[in-house]
Structure formats: structure tokens, C-alpha cells
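Undergrad: My questions all concern the structure below.
Where a number appears in this text, it was derived from the coordinates with a stated rule and is not lab data. All figures in this text were calculated on a predicted structure; none of them were measured in a lab. Here the Cβ positions follow ideal geometry from the backbone for every residue, glycine too, while neighbour counts run over all protein chains shown.
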Amino acid sequence: MRDVRITGTGQLLNLSRDLRRAGGARLQRNFARRIRRAAEPLKDDLQTAVRTVPIRGQGGSGRGGPSPTSRPLRATIAEAIRISVRTTGNPGARIWIDRAALPPDMRAMANKIDEGRWRHPVFGNRKRWATQYAAPWWDVTIRRHTARMTAEVERVLDDVQRDLS
């Protein structure tokens, strides 16, 4: 699973340089706030996607039930999705899963769910294993937002450049 980044374009780098030169802390805050606002719908949609991704077992027995832990897997992953915005250096927005916010035994699960298949011991019993399946959710959700995000960032860049002129 990759981070989502809107960074490093020539326009963003030039704008970052112009913002520093103009010394406009207000302009920088406005720029960062608008870039964050452009990324928020993607973050919200990613959280919804992971919360609703269907997870199924290998079938057959019909057994199962609620999780034996108090940490719901999909909701825990959704809460770990973050946004960061930078206006200097390598300016842009980044959306990622903060693995430090996940319990140690769940840190690889976001990737496993997106890959579509994983195996695990049944209730910790290493003599009995289960396979579970899920549909990809990360890349699919990002592709739906790419055109909107690109258009929104271009609009923000044009507005801020107009303010600097």
C-alpha cells in the first residue's frame, strides 16, 4: 500500500518559494488549509471504504461470530488514516496509514486486507489456520478521487499565485 502524495510538481515548488519570499505567514496558512480541505474528502472516503470492505472466510463451516477482542479491525485501521500538509521543502499533501497508531498485531493488516487474502491461526491456535478474503480498497478509492484532487490543487495554486501577484 502506498502513501498518497500530491508533491514535488514544479508549480508547488515555485509557489512555496514565492510564499517564503513574500514572507506571508497568512498566505502559507491559507495555502495549507485549502490543500488540507482538498484532501479531506479522500481521507473520509478511505475511512468509509475500509470500514465497509467485506471480509469473508473460506466458507464451509458456517461458524464464526463477533470478534473476540474489543478492537474492531476495520474501525481501528480507519482511525489510523492521517493527512499531513507541507508548505516548505517538498510542498504538498500526504495521506497515509499511521502504523504507530495501530496495535502491534494489526500493523500489517491494512496491506493484507488490500491485497485481498491472508492467513491466520484460529484464536491463536497454531495447529488450526484460517484464510480470509477481502476486496481491494486503497487504490480503488484513490483512483476515484484523483481527477477531483488534481483539479482542486490546480485551483488552489492559481488562487494563491494570483494573491502573490
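Undergrad: Under 5 Å between amide H atoms, partner at least 5 residues away or on a different chain: which partners does residue 118 have, H built in plane at 1.01 Å?
TA: Sorted by chain and number, the residues that satisfy this are 132.
Undergrad: Hey, rough spin-label estimate for residue 14 and residue 118, points 7 angstrom out along Cα→Cβ, what's it come to in nanometres?
TA: Taking the simple label geometry, residue 14 and residue 118 are separated by 4.4 nm.
Undergrad: On to the next question. With a cap of 12 neighbouring Cβ atoms within 10 Å, and only residues DSSP puts in a loop, list the chymotrypsin sites (Phe, Trp or Tyr not before Pro) found in the range 107-165.
TA: Values: sites: 118, 123, 129, 133, 137, 138; in loops: 123, 137.
Filter output for the range 107-165: 123.
Undergrad: Report ³J(HN,Hα) in whole Hz for each residue of the range 31-40, in order, from the Karplus equation J = 6.51 cos²θ - 1.76 cosθ + 1.60 where θ = phi - 60°; Gly and Pro get x.
TA: Along the range 31-40, the couplings run 4, 5, 5, 6, 5, 4, 4, 5, 8, 4 Hz.
Undergrad: Follow-up. What distance in nm separates the two pseudo spin-label positions at residue 98 and residue 40, each 7 Å out from Cα along the beta-carbon direction?
TA: According to this spin-label approximation, the distance is 1.8 nm.
Undergrad: Under the 0.36 nm per residue contour assumption, what length would be gained going from the current alpha-carbon distance of residue 129 and residue 25 to full extension?
TA: Details: separation 104, 0.36 × 104 = 37.44 nm, distance 5.61 nm.
Net length gain for the segment: 31.8 nm.
Undergrad: For an R0 of 22 angstrom, estimate the FRET efficiency from the Cβ-Cβ distance between residue 148 and residue 86 and round to the nearest 0.05. Don't skip to the answer; put the middle values down first.
TA: Numbers: r = 21 Å, r/R0 = 0.95.
Here the calculated transfer efficiency is 0.60.
Undergrad: Could I ask something else about it? With all pairs of different alpha carbon atoms counted, what Kirkwood hydrodynamic radius in Å does the range 84-165 show? Walk me through the numbers before you get to the answer.
TA: On the way: mean 1/r = 0.0608 Å⁻¹.
Value: 16.4 Å, from the Cα pair sum.
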